Amino acid sequence: MAYSTAENLIRHVTLRQLQIFEAVVRLNGYTRAAEALHLSQPTVSMQVKKLSETIGHPLLEKVGNHFHTTAVGDEVYASARNILGSMVSLGESAAALEGVVKGPLRIAVITTAKYFMPHLLGVFIEQHPEVRPILKVTNRSRVLERLKSNEDDLLIMGQVPVGLDVEAHPFVDNELVVVASTRHPLTKCTSISLQQLSKERFLVREAGSGTRLAVDRLFDEQDLTIQPYMELGSSEAIKQAVMAGLGISVLSRHNLRLELAGNHISILDVKGFPLFYRWYAVHLKGKKLPLVSRTFLDFLLQQGKDMLQHIPERQPVSGPVEL
């Protein structure tokens, strides 16, 4: 019995193949698609090849070192997005009819937010125990890549990205303060000027981080510059370096609860500080948020600030300082 092209596609194309192909195109490559879907790269390549053979046309072509969709590939990608989106909507409708918020919640946060986001997720999961959180912690540049490729439901960051069409929902203050070792001479001073501060050994995050952008902007406005003494890739590394007496830095107060409670670090009295910014929940404009992420966004906007004020303070584990 001969089947029409449409019948052949219905019989042989699988949702998994469409999901894999959509991920390959959206994430610009087999490797990243494999990582996102927790598959091996050969499996991803094989499934894309089978999909191409079933449709009867090449879906991707290699130009230089990059893959690009063919004309047919563009059509398949658009169809895959529609079909997968419809499946998500179907699942949401079923969950809504049951009156239960459940399913995966994909959140990406910049490293600075890792100190409070697990606490917020913990409270949210207590309220909605059938939600399965998937939390990705990375630096700002990688978060922006994930935002552009629409890998997550929501992204948490301290600075709204410029040049991207996004919706940004502020939900809590982000207070940046100048910190030093409790043994630092400046801990005994008040009304420290930015000019005086600029002469100190500064420990900074990597170029492009939200905190560093805020600090550089402040000093630029005063026609001052700071020469980084050390550049470190995480707030945790900076805290350890500050406590070891290697220099001063600027950090979010949210990241200092344990150190302040244990008197391991001091906040300096500096003119122009603290700097007040906001934490934002961000997604691409026009993105249709799943029920789970809509509910979590509402939770952040309505309860986030109060929840952060009641994070328990515990003494940090004692031990050698490691950088």
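So which of Lys239, Lys287 is assigned by TED's automatic domain parsing to the domain that holds Gly158 and either crowded, with 18+ Cβ neighbours inside 10 Å or farther than 29 Å from Gln222 by Cα (or both)?
None of the others qualify; the one that does is Lys287.
Can you find even one residue in the stretch 19-35 that is farther than 17 Å from Gly85 by Cα, at pLDDT 85 or above, under 20 Å from the mean Cα position of the chain (by Cα) and surrounded by 20 or more Cβ atoms within 10 Å (Cβ to Cβ)?
Yes, there is a match, as at least one residue in the stretch 19-35 is farther than 17 Å from Gly85 by Cα, at pLDDT 85 or above, under 20 Å from the mean Cα position of the chain (by Cα) and surrounded by 20 or more Cβ atoms within 10 Å (Cβ to Cβ).
Within the stretch 190-236, work out how many residues are loosely packed, with under 13 Cβ neighbours inside 10 Å and either out of contact with any Lys or Arg (no Cβ under 8 Å at 6 or more places or on another chain) or of a type outside the set (Ser, Thr, Tyr) (or both).
Adding up the residues that qualify gives 12.
For the stretch 150-168, check the following and say yes or no: at least one residue is closer than 30 Å to Lys199 by Cβ and charged (D, E, K, R).
Keep residues of the stretch 150-168 that are closer than 30 Å to Lys199 by Cβ, which gives 158-159.
When the remaining residues are screened for being charged (D, E, K, R), the result is none.
No: zero hits.
If I filter the stretch 257-276 for residues that are exposed (fewer than 15 other Cβ atoms within 10 Å of the Cβ) and closer than 13 Å to Gly158 by Cβ, do I get at least one hit?
yes
Do you know which residues across the stretch 198-225 are farther than 24 Å from Tyr115 by Cβ and among the hydrophobic types (A, V, I, L, M, F, W, C)?
Phe219, Leu224
Restricting attention to the stretch 150-188, which residues are at pLDDT below 90, closer than 24 Å to Ile267 by Cβ and assigned to a loop (DSSP other than H, G, I, E, B)?
Gly158, Gln159
Right, Val292: closer than 23 Å to Val143 by Cβ, within 25 Å of the chain's Cα centre (by Cα), at pLDDT 90 or above and surrounded by 20 or more Cβ atoms within 10 Å (Cβ to Cβ) or not?
Numbers: closer than 23 Å to Val143 by Cβ: yes; within 25 Å of the chain's Cα centre (by Cα): yes; at pLDDT 90 or above: no; surrounded by 20 or more Cβ atoms within 10 Å (Cβ to Cβ): yes.
Here the answer is no, as Val292 does not meet what is asked.
Being among the hydroxyl-bearing types (Ser, Thr, Tyr) and modelled with pLDDT under 90, is that true of even one residue in the stretch 130-146?
Yes - at least one qualifying residue is present in the stretch 130-146.
Residues are listed down the side, and each one gets a yes or a no for (1) touching a helix residue (DSSP H, G or I) at 6+ places or on another chain (Cβ under 8 Å); (2) surrounded by 15 or more Cβ atoms within 10 Å (Cβ to Cβ); (3) not assigned by TED's automatic domain parsing to the domain that holds Pro118:
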{"site": "Leu147", "(1), (2), (3)": "no, yes, no"}
{"site": "Glu151", "(1), (2), (3)": "yes, yes, no"}
{"site": "Gln159", "(1), (2), (3)": "yes, yes, no"}
{"site": "Val179", "(1), (2), (3)": "yes, yes, yes"}
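Scan (1) surrounded by 17 or more Cβ atoms within 10 Å (Cβ to Cβ); (2) at pLDDT below 85; (3) of a type outside the set (Gly, Ala, Ser) for the single condition His310 breaks and write down its number.
Result: His310 fails condition (1) only.
Looking only at residues in the stretch 68-78 that are free of Cβ contacts under 8 Å to residues at least 24 places away in the same chain and assigned to a helix (DSSP H, G or I), which one is nearest to His57 (Cα to Cα)?
Looking at residues that are free of Cβ contacts under 8 Å to residues at least 24 places away in the same chain and assigned to a helix (DSSP H, G or I), I get Val72.
Among the candidates Thr187, Thr225, Thr211, which residue alone is of a type in the set (S, T, N, Q), out of contact with any strand residue (DSSP E or B) (no Cβ under 6 Å at 6 or more places or on another chain) and in contact (Cβ under 8 Å) with a residue 24 or more places away in the chain?
Thr225
The values are calculated or read from the model by the stated rules, or taken from the named source; none is laboratory data. What you are looking at is a predicted structure, and each value in this text was computed from that prediction instead of being measured. Here the Cβ is made from the backbone with ideal geometry for all residues, glycine too, and neighbour counts use every protein chain on show.
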